[in-house]
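Below is one structure, written out as structure tokens; comments come after it.
The values are calculated or read from the model by the stated rules, or taken from the named source; none is laboratory data. Everything numeric in this text was worked out from a predicted model, so none of it was measured. Don't worry about glycine lacking a Cβ; one is built from the backbone with ideal geometry, like all the others, and counts go over all protein chains shown. The protein model used for the area step is the full one, side chains on, heavy atoms only, and it has no ligands, DNA or RNA in it. Shrake-Rupley method; radii C 1.70, N 1.55, O 1.52, S 1.80 Å.
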Amino acid sequence: QGKKAVIGVSIPSATHGFMGGLNWHAQETIKRLKATYPQLDFVLATAGNVGKQVNDIEDMVATRNIDALVVLPFESEPLTSPVKAVKDAGKWVTVVDRGLSQPGIEDLYVAGDNTAFGRVSGEYFRANLKPGAKIVVLRGIPTTLDNERVDAFQKAIEGSGIEILDMQHGNWNRDKAFSVMQDYLSKHKKIDAVWAADDDMAIGVMEAIAQSGRQKEMWIVGGAGMKEIIKRVMDKDPQVPVDVSYPPAQISTALEVTALRFVSDTPVYGRFIIGSTLITPENAAAFYFPNSPF
Amino acid sequence: MSDAAVQKPARTAQLPGLSALGPLLALILLVVLGAFLNDNFLSQGNITNVLARSAFIGMIAVGMTFVITSGGLDLSVGSMAAFVAGVMILAMNALLPAMGVGVPLILAGMAVALVVGLLAGLANGLLVTQARIEPFIVTLGTMGIFRSLITWLADGGTISLDFAVRQLYRPVYYSGLFGIAWPILVFAVVAIAGQIAMRHTRFGRYCEAIGSNDKVARYSAVGVDGVRLMTYVLLGLLVGLATIMYVPRLGSASGSTGTLWELEAIAAVIIGGTALKGGYGRVWGTVVGVLILSLIDNILILADLVSPYLNGTIQGVIIVLAVVLQRGKSSA
Amino acid sequence: MSDAAVQKPARTAQLPGLSALGPLLALILLVVLGAFLNDNFLSQGNITNVLARSAFIGMIAVGMTFVITSGGLDLSVGSMAAFVAGVMILAMNALLPAMGVGVPLILAGMAVALVVGLLAGLANGLLVTQARIEPFIVTLGTMGIFRSLITWLADGGTISLDFAVRQLYRPVYYSGLFGIAWPILVFAVVAIAGQIAMRHTRFGRYCEAIGSNDKVARYSAVGVDGVRLMTYVLLGLLVGLATIMYVPRLGSASGSTGTLWELEAIAAVIIGGTALKGGYGRVWGTVVGVLILSLIDNILILADLVSPYLNGTIQGVIIVLAVVLQRGKSSA
Amino acid sequence: MAAAPMLELREVRKSFGPIEILHGIDFALHPGEVHALIGENGAGKSTIMKILGGFLPPTSGQVLLEGRPVPYASGAQAEAVGVVVIHQEFNLAADLKVSENVWLGRELGRVFLDHRAMRAGTQALLDQLDSTISPDARIRDLPVSDRQMVEIAKALSRKARVLIMDEPSAVLTHKEVEVLFRQIDRLRAQGVAILYTSHRLEEVTRLADRLTVLRDGAVVRRALRGELTEDGMATAMVGRDLQDIYPARRHPMGEIALDVRGFSVPPLVQDISFTLRRGEVLGISGLVGSGRTELAEGLVGLRPAAGQVFRNGASVHIRSVREAAAHGMAYLTEDRKEHGLLLDKTLRENLTLSTLPRFGSPFISAAREETALTEAIRDFDIRAPRRDMAVGNLSGGNQQKLLLAKTMLSSPEVVIIDEPTRGIDVGTKSQIYAFIDALAAEGRSVIVISSDMPEILGLSDRVLVMRQGRVAGELDGERICEKAVVRLVMGTAEEPAYV
Ligand SMILES: Nc1ncnc2c1ncn2[C@@H]1O[C@H](COP(=O)(O)OP(=O)(O)OP(=O)(O)O)[C@@H](O)[C@H]1O
Ligand SMILES: Nc1ncnc2c1ncn2[C@@H]1O[C@H](COP(=O)(O)OP(=O)(O)OP(=O)(O)O)[C@@H](O)[C@H]1O
Ligand SMILES: [Mg+2]
Ligand SMILES: [Mg+2]
């Protein structure tokens, strides 16, 4: 065996909790796979914006002779043709989390389910709130993905009589979520529940609520499965009754399956959709990774 | 013969013209607008929220006023704040076994924050004054460096303060004295001290002189490099102080802490009437600038607007309008 | 009697010292480093990649050189690029039913991009020259405005060019002439034209004069406001041109298109040796600055580094070092 | 009378804010004549010139060009019809080169600039002025005297019908002044109308066909060539008789306060040695560019220098103005706009800048600063319409007085004054000379660098002459005379020491 197979990994940089977790899982998995399979080499690049990610992919092809690309597209549309170019060059392509805008490019697709993420949350609200209940929503950074989640959420509570008082962008950021929630609390006398849509934002939201002393009044649903939040769910914190999973560990699955392609003859084509499940005190233990930074 | 000069109405220091009051006017207009849009706007709770939130950027912006007044710039403050917060939390977590949960631990953490801030500011200042690199480039470089160091320290995730320590430390953000939150009090002290330093001490006078014409300052026996260095060190210290107030709020730091704080701080300084080219600094203006920026955010959420996507548009328009009010000055 | 004067050692104009060549030196060092780290670094493919992707920031940075040289600043270019791209794509999609897929549609799209860029630049320029607001504030405002408008137009998501049109348009980025990619060619033309305009036309001369001392320029019959306005308009046009090359690459625009381009463009200008305070502009330096910034990114991928989290640190260090090489100049 | 007026002011008044500076001026310039405008500092000379040149609008009254209201509203437009001004403050872009400045706003070349033609044109102008300045030098790197020559070259390059010169000679030495006068004579012969102002009255006698004396913004005297002696002019300006303006000299000298040995300031100044005693006034003479300023700046730590310096016998190494101040040394710069004053700050802030620690610590006492300002205004006769105005709006001479006051505030033991009376009116000059004399009488040491020959002769106990960065000779006592100094300055003869 002369040449090592090189797997290029391109993911967004760790600008918020979920991506931080994803970065961590990616690095851990690469370390593990490198140790297990000496015939594999990895090139990991993280990008802060779309353009940079396209550059990274070009560089991997031009200078590192990658045999496979594992990519979590920053955005779907703009990455479609660069990734297609990699595919056309005869490389293996694994797409993670955000699908490309053209079907059939990737050999392997591993993803979370944004629609399910919004729907599962919405269904929990529908089931646990009375008609006429008032909720507020924090959105992420304006992106297609955020739109999908919010649309699914809204669809799920449609007709339930639940009123969304406000929907502002918290940018998946604790500080921003904190100040948005502070303002919600000044603005609205009565809030029954908060859909924070992300565990980082949930942390900020909880602080704002704690400051106003209105903990008893409302509960919060975040999302993604941050260890601190899972812990609270496990401990039956009434403020955080459930969480919705959107595992950053999906990158590990993608990497492992891609690696398998190069170290064995196992046929590994296909789609792996990791659904979003409702994390309740009963099943929380399965989602708890105390060593992850996320 | 020289009577002519002496007879002149001597001490009628110029009244602050409309131009100087521009930002203040904009602030007042915003407050009126806010009160009009939402009844809770003037509630004590909301006012406390807005002021306390402004405190971090506010303290940093006061320091930034001195840097800009003396002809410098610092783009690294946001990343520096994240870095300082990260190191502070790590230090407290590390000292916890040895010191136990208690006020000494908190004080040790605060000391770490101040020292790290000071050193970070010193690094910027030395690169500017000793290596003679443009402040823009120096601090663009250190901005990237601090940001990536905190991300690395946090392993891409979040560094969290131990829960028990957190509980002890929380009141530093959330509680206060005489019903006024600590961050507000500290910010007020910093602002007043800054205003006094700018107007009534040698340091402030030298900053203005250096920013106005550094050659003249040098010819006038002003230690130009020393004063410049001091402005960066002071800013670093204030970033440390801001971090001390910031950490108890959420008890964590990550690679995304403090993003764009630099832009907000610089914008506050300029909105407040300090000249970007240096030579003229107005600390109280900076305070007004910080409040304007915070209020815009607050009002955008309190009011129900067309689409949250357009928040940025309204923000941009208000910022420009706020400065149009002091047009007289900048056209001079 | 006048002999004495003639005897005086004639004061010769200084040769472009090491300082002027500083950024070039840094660039060469980077190239050597890259070639050393990876055999493919100097391959045609990689060089094409690096140059082609530098083209967007590059064109914008050339325009920015004029703005900064004449004492201005433009923070809005990144958002402006996103906005122009969005409007351009929407326009092409809207015209598609009427015009059909074809070269005319592409040309119409390009015209839209240039016109929108021009108007956006004009808006900045008028606010600066007519309303006399600090360029920092004007463009901070319009930065937010453009960014939020594109987000709003895209409804928070992405605006995509029709697939068929996309296929037709792609070669504008991906193919070229005589084996040189179009973006590289266009960038080269812009850079050369910029260098000539700066050194050999009145416009460039006036930019330097205004940046050096606008009062002197005004006294010397230079149309100060007109020239300033022109720099912003030119920059807007170049943003439009950059967008024309950008859209075929990614075929879409969203609220996150072009983030931080302004910082990169300004950094390239300053690294290239143009003075941030104005008065002295060096277009070829800007080109070198852009290449340095692109190469740093490229090299980070070439080598396996400790941790991707530390990329920013290495980047920051290299930027500062690149400028240390021209320290002599900035210390003057 | 000569031909009809070329440019005319009728009943012109000018106010800045509530303060009226010019009170109804009637005034005319005729073609082919040199008209001198003289008056005390702050009398309004520069203001009149700016109004004539289109740089300031009059508050009321008329400005007429060839009998019709002027067709311009800005200096640039005025230049287009041939009314050209050399400003008292430099009007050059410091980052640009000499030739770029000369042609600014009127560049040659259609689409592309014709660098060669502009460079050649600049070179020709500079040759005409006997100047060795390179057309490619950046203004920033030139000393003030060279900048003034560039200003003159720039003005000459404009095809002027009316040339207005605001103290063009203040920064020039004897030799350059001669060159300038030749150009003025040439232009006069070509029928150009010339307005000239200077505080050197001998120049006015030499040049002026017609004379207008201004006092406090009003014309107090008009005269034709030969009607007024220099004393008469001074009396008309100041409103009283002037005694001999140089002090009766000679004080007892003390021990050596400053001993400089083998001192070099690269690249120009080499191997300078001299001593200075307490109570002594040492004059330094030399041509423009002979390196006097470099020497002084090297001594106070403003430029890197090598060599030995002893203060009161102890070896000192001075690397900054602060260290110089600590050793009781102060330097008054010749370049008040770039190095001396913060033009956008008030009088008070400028006055105390180099001595702030004396005005209270940690807080500056504004009251004490005000007191100091009141004293400075009194001692140096600074005429400011308002105390809180920006220094940039003071008249040139009053800026110079403020700069003097600022330097003296530190009560230095050794003071180096570079061009002390640049732009100062005759009345105030004698006050400044008396002041310098008083310093020496107190046992302080003074070095006066001056391009004004009478000043060097009248003030110095000893004269050091510099040429091309070296000491060309030293004169003291009886040997100090104009001839000897000029000979050393020019290097035209051996040291006339034993004459
Ligand atoms: N822009 C201004 N604002 C306020 N006062 C001004 C302004 N310009 C000039 N002055 C005042 O007008 C008066 C006349 O000034 P001017 O410069 O004409 O004097 P001058 O005769 O040229 O004196 P000098 O011999 O010192 O150059 C001065 O008192 C000056 O302070
Ligand atoms: N060989 C040289 N190379 C570079 N610069 C030179 C050279 N010779 C002279 N100069 C420049 O000439 C100037 C010397 O003028 P300086 O101001 O010291 O002379 P000065 O005797 O004080 O005359 P003045 O003050 O009347 O202009 C300096 O700016 C110096 O940099
Ligand atoms: Mg004058
Ligand atoms: Mg000199």
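Using the crude model of +1 on Lys and Arg Cβ and -1 on Asp and Glu Cβ, and no other charge, please compute the dipole size for segment D:256-490 relative to its Cα centre, in debye to 20.
It works out to roughly 260 debye.
Evaluating kT/(6 pi eta Rh) at 25 °C and 0.890 mPa s, with the Kirkwood radius of chain C over Cα pairs in the Stokes-Einstein relation, gives 117 µm² s⁻¹.
The heavy atoms of C:Thr158 present about 40 square angstrom of accessible area, all protein chains included, probe 1.4 Å. Phi angles of segment D:303-315 translate, via the Karplus equation with coefficients 6.51, -1.76, 1.60 and θ = phi - 60°, into HN-Hα couplings of 9, x, 9, 10, x, 10, 10, 10, 10, 6, x, 9, 5 Hz per residue; Gly and Pro are given as x. Distance distribution note for segment A:126-187: the fraction of Cα pairs above 19 angstrom is 37%. Kirkwood Rh over alpha-carbon pairs of segment C:21-92, then Stokes-Einstein at 25 °C and 0.890 mPa s: what D in µm² s⁻¹, rounded to an integer? The calculation lands on 163 µm²/s. Note on exposure: C:Val115, D:Val463 ranked by accessible area (1.4 Å probe, complete protein assembly) read C:Val115, D:Val463, with the most exposed listed first. Ordered from largest to smallest accessible area (heavy atoms of protein chains, 1.4 Å probe), the residues A:Lys190, A:Lys130 come out as A:Lys130, A:Lys190.
Could you calculate, for segment D:7-238, the ratio of the Cα radius of gyration to the Kirkwood radius, expressed as Rg to Rh?
Radius of gyration relative to Kirkwood radius: 0.97.
Along the positive direction of the dipole of chain C (beta-carbon charges: Lys, Arg +1; Asp, Glu -1; about the Cα centre), which of C:Leu33, C:Gly281, C:Ser252 reaches farthest? The one lying farthest along the dipole's positive direction is C:Gly281. Segment C:111-238 has equivalent-ellipsoid semi-axes of 33, 23, 9 Å, by the square roots of 5 times the alpha carbon gyration tensor eigenvalues, sorted largest first.
Legend: calculated FRET efficiency, B:Leu321 to C:Leu122, from the Cβ-Cβ distance at R0 = 22 Å, rounded to 0.05, equals 0.70.
Each 10 Å bin from zero up to the one holding the largest Cα-Cα distance in segment A:137-294 carries the following percent of pairs: 10, 35, 34, 14, 6, 2, 0. Since only D:Ala434, D:Ala305, B:Val216 are under comparison, the one whose Cα sits farthest along the positive direction of the charge dipole of the protein assembly as shown, derived from C-beta charges on Lys, Arg, Asp and Glu, is D:Ala434.
The order of D:Met49, B:Met110 by accessible area, most exposed first and with a 1.4 Å probe, is B:Met110, D:Met49.
Sequence-ordered 3J(HN,Hα) estimates for segment D:21-27 from the Karplus curve with 6.51, -1.76 and 1.60 and θ = phi - 60° stand at 9, 10, 10, x, 8, 10, 6 Hz, glycine and proline given as x. Amide H to amide H, with H built 1.01 Å from N, A:Met226 comes under 5 Å of A:Asp199, counting only residues 5 or more places away or on other chains.
Rounded to the nearest 20, the size of the Cβ-charge dipole of segment D:7-238 about its Cα centre is 560 debye, with Lys and Arg at +1 and Asp and Glu at -1.
D:Arg225 exposes around 120 Å² of accessible area when a 1.4 Å probe is run over every protein chain in place. FRET efficiency for the A:Arg32 to C:Asp155 pair, using the beta carbon distance and R₀ = 45 Å, is estimated at 0.65. Scalar couplings 3J(HN,Hα) for segment A:53-63, obtained by applying the Karplus form with A = 6.51, B = -1.76, C = 1.60 to θ = phi - 60°, are 5, 4, 4, 4, 5, 4, 5, 4, 6, 6, 10 Hz; x denotes Gly and Pro. Solvent-accessible surface (1.4 Å probe) assigned to A:Lys31 amounts to roughly 130 Å². Per-residue shielding of A:16-25, expressed as the average number of other chain Cβ atoms within 10 Å of the residue Cβ, stands at 5.
If Rh is defined by the Kirkwood formula over all Cα pairs and Rg also comes from Cα, what ratio Rg/Rh do you get for segment D:256-490?
Rounded to two decimals, Rg over Rh is 0.96.
Remark on segment D:306-390: Rg and Dmax equal 15.8, 46 Å (Cα only). Taking every alpha-carbon pair in segment C:165-297 and binning the separations at 10 Å intervals from zero gives 11, 35, 33, 16, 5, 0 percent. Under a 5 Å amide H cut-off, with hydrogens placed 1.01 Å from N, D:Ala257 pairs with D:Leu276, D:Arg277, D:Arg278 among residues at least 5 apart or on other chains. Using all pairs of distinct alpha-carbon atoms, the Kirkwood hydrodynamic radius of the protein assembly as shown works out to 35.2 angstrom. Once the 1.4 Å probe is applied to the protein heavy atoms, the protein assembly as shown comes out at 36 Å² accessible per residue.
Under Stokes-Einstein, with the Kirkwood radius over Cα pairs standing in for Rh, what whole-number D in µm²/s applies to chain A at 37 °C and 0.692 mPa s? Walk me through the intermediate numbers first.
Working: Rh = 19.9 Å.
Translational diffusion coefficient: 165 µm²/s.
Relative contact order for chain D: what percent, with Cα pairs under 8 Å and sequence separation of 6 or more?
16
Of interest is the spacing of the C-alpha centroids, which for segment B:127-159 and segment D:431-478 amounts to 55 Å.
Computed from point charges on the beta carbon alone (+1 for Lys and Arg, -1 for Asp and Glu), the dipole magnitude for chain D about its Cα centre is near 820 Debye. Taking label points 7 Å from Cα along the Cα-to-Cβ direction, D:Glu227 and D:Phe16 give a separation of 3.1 nm. In this simple spin-label approximation, C:Leu37 and D:Glu375 carry label points 7 Å from Cα along the Cα→Cβ vector, and these lie 6.5 nm apart. Amide hydrogen proximity for D:Gly307: with H placed 1.01 Å from N in the peptide plane, the residues at 5 or more positions away or on another chain lying under 5 Å are D:Ser264. For segment D:256-490, the relative contact order is 29 percent, taking Cα pairs closer than 8 Å that sit 6 or more residues apart in sequence and dividing their mean separation by the residue count.
With a Förster radius of 41 Å applied to the beta-carbon distance between D:Asp216 and D:Gln308, the computed FRET efficiency rounds to 0.20. Total Å² of accessible surface buried at the D-B contact, 1.4 Å probe, nearest 100? That pair of chains buries around 3200 Å² in total.
Fraction of C-alpha pairs exceeding 19 angstrom in segment A:4-154: 58 percent, rounded to a whole number. Among the listed pairs B:Lys215/D:Lys483; A:Lys31/A:Lys231; B:Lys215/D:Lys97; A:Lys176/D:Lys345; D:Lys345/D:Lys483; A:Lys34/A:Lys236, a Cα-Cα separation exceeding 32 Å is found for B:Lys215/D:Lys483; A:Lys176/D:Lys345; D:Lys345/D:Lys483; A:Lys34/A:Lys236. With the largest listed first and rounded to whole Å, the semi-axes of the equivalent ellipsoid of chain D from the Cα gyration tensor are 37, 27, 23. All C-alpha to C-alpha distances of segment B:34-141, sorted into 10 Å bins beginning at zero, yield P(r) values of 13, 31, 26, 21, 9, 1 percent in whole numbers.
Here the relative contact order of segment D:107-256, from alpha carbon pairs under 8 Å that lie six or more residues apart, stands at 14 percent. Projecting the Cα positions of A:His25, A:Ala5, A:Ala202 onto the charge dipole of chain A (unit charges on Cβ atoms of Lys, Arg, Asp and Glu, taken about the Cα centre) puts A:Ala202 furthest along the positive direction. Against chain C, whose longest principal axis comes from its Cα atoms, helix C:135-153 is set at around 10 degrees. Nm distances between the label at C:Asn93 and the same-position labels in the remaining copies, 7 Å along Cα→Cβ, shortest first? Going from nearest to farthest copy, the values are 4.4 nm.
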